[in-house]
Amino acid sequence: MIKVAAIHTVFDKEDLFSAIAELYDIGVPLVSRFVSNGLNDTYDVVTDKGRYVLRVYKRHWRDEAAIRYELDLLLYLNDCGIPLSYPIARKDGELLTYLAASEGTRYAALFTYAEGVGKADINTSVRYGRAVAQLHHASNGFVPSHDRFDLDSVHLLDEPLAHLLPKLQHRPDDARFVLETADRLKQRMNQLSPNNNDWGVCHGDLHGWNVFHEEESGLTHFDFDCCGAGWRAYDLSVYLWNFVHGRHDPEKFGDECWEAFLGAYLSERPLGQSDLDAIPSFVAIRQLWLLGLHTGNSAVWGAWQDDNYFDGKLKFLKLWMEAYDL
């Protein structure tokens, strides 16, 4: 028998919730599920008092200060009346639980459950656009007590490229294209100024599926794991990116849901023209960020980023850059 180090532990859900239930006033667990092995591990549980979601942060993904920034932001926004899934304190008032895993200490936080379903149509896009504007407005008053990364060129370009470029060694032309594209996009980001452009707390992942809609009671935001201070144009661009990033026909780069979302947002919270002009650049930046995210997590998610993957993802990026003369 040999001993091999583990880089990611999947906890036994029954054992996990048996231990967690003793720390929180949530009642007795009845049914639990391991929902997803994503950026973090997500579980949900139904108890005799209600339904809850547990997030177990992956090792080396977010440090404790960054997590506490996120949790404090959620509590602040909840106090502001923003509808969202927010963290629940333990009986001792603590928001984080430390878990001993084979790979080292991991952090867990319990959240309220977001009711509803994911939708992306004209009506929900209008509702979502208004809600995001209200979220941005409310977050302007947030004063963090913990450090967290900014959604700047380092986080959105430099760090993803460090993961992506080694995977493109056998595709030197594409590696060159990625480097040149990132350099042009970074120059465009550096032209933005906090004095002339909208910088503030962002959700960071507003692709439209981190919100659940209910017909009668509106919507509920969740999953602020990518939050941080950044350009609001980037935050908005992720909604457009979600609709277009798999399309390879420039004639289909427009989208009705995006137009409805943006119009509703601007009706609540106007943006300057330079912010609006920056959105196409941020769509391209988001695509590079995604490529780095996938390749950077291949040790846990699997190295399925093959040539077909790169063909499709880079084809869109090239066409988008050409369509918007970036």
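For the condition touching a strand residue (DSSP E or B) at 6+ places or on another chain (Cβ under 7 Å), closer than 30 Å to PHE142 by Cβ and among the charged types (D, E, K, R), what is the one hit in ARG68, ARG33, ARG51?
ARG51 is the lone residue from the list that is touching a strand residue (DSSP E or B) at 6+ places or on another chain (Cβ under 7 Å), closer than 30 Å to PHE142 by Cβ and among the charged types (D, E, K, R).
Against the condition outside any helix (DSSP H, G or I) and not assigned by TED's automatic domain parsing to the domain that holds LEU135, how does SER32 come out, does it pass?
Taking the combined requirement at face value, the residue satisfies it.
Out of ALA133, ALA101, ALA120, ALA162, which single residue is out of contact with any Leu (no Cβ under 7 Å at 6 or more places or on another chain), within 30 Å of ASP183 (Cα to Cα) and touching a residue at least 60 places away in the same chain (Cβ under 8 Å)?
ALA162
Can you find even one residue in region 286-294 that is within 21 Å of ASN197 (Cα to Cα), of a type outside the set (Gly, Ala, Ser) and in a helix (DSSP H, G or I)?
Taking every residue of region 286-294 in turn, at least one turns out to be within 21 Å of ASN197 (Cα to Cα), of a type outside the set (Gly, Ala, Ser) and in a helix (DSSP H, G or I).
Of the numbered conditions (1) crowded, with 20+ Cβ neighbours inside 10 Å; (2) touching a helix residue (DSSP H, G or I) at 6+ places or on another chain (Cβ under 7 Å); (3) of a type in the set (A, V, I, L, M, F, W, C), ALA131 fails exactly one; give the number of that condition.
ALA131 satisfies all of (1) crowded, with 20+ Cβ neighbours inside 10 Å; (2) touching a helix residue (DSSP H, G or I) at 6+ places or on another chain (Cβ under 7 Å); (3) of a type in the set (A, V, I, L, M, F, W, C) except (2).
Every residue in region 171-192 that is under 23 Å from SER274 (Cα atoms), touching a residue at least 60 places away in the same chain (Cβ under 8 Å) and part of a helix (DSSP H, G or I), please.
Across region 171-192, the qualifying residues are THR181, ALA182, ARG184, LEU185, ARG188, MET189.
Just to check your reading of the model, which residue among PHE17, PHE11 is buried (at least 17 other Cβ atoms within 10 Å of the Cβ), part of a loop (DSSP other than H, G, I, E, B) and at pLDDT below 95?
Checking each option against the conditions leaves just PHE11.
Taking the conditions exactly as written (within 24 Å of LEU236 (Cβ to Cβ) and touching a Phe, Trp or Tyr at 6+ places or on another chain (Cβ under 8 Å)), does ASN78 satisfy them or not?
Against the criterion (within 24 Å of LEU236 (Cβ to Cβ) and touching a Phe, Trp or Tyr at 6+ places or on another chain (Cβ under 8 Å)), ASN78 qualifies.
Taking region 46-70 as the region of interest, how many residues are buried (at least 21 other Cβ atoms within 10 Å of the Cβ), among the aliphatic types (A, V, I, L, M) and assigned to a helix (DSSP H, G or I)?
Number satisfying all stated conditions: 1.
Hey, among the residues in region 18-40 that are under 21 Å from HIS60 (Cβ atoms) and in contact (Cβ under 8 Å) with a residue 24 or more places away in the chain, which one's nearest to the chain's Cα centre (by Cα)?
For region 18-40, the residue satisfying everything is LEU39.
State whether the residues of region 77-99 include one that is assigned to a helix (DSSP H, G or I) and either within 17 Å of the chain's Cα centre (by Cα) or surrounded by 21 or more Cβ atoms within 10 Å (Cβ to Cβ) (or both).
yes
Those residues that are under 13 Å from LYS91 (Cβ atoms) and in a loop (DSSP other than H, G, I, E, B), I need them from region 20-29; list them, please.
TYR24, ASP25, ILE26, GLY27
The values are calculated or read from the model by the stated rules, or taken from the named source; none is laboratory data. Everything quoted here is computed from the prediction, not taken from an experiment. Methodologically, a virtual Cβ is constructed for each residue, glycine included, from the backbone with ideal geometry; neighbour enumeration extends over all protein chains shown.
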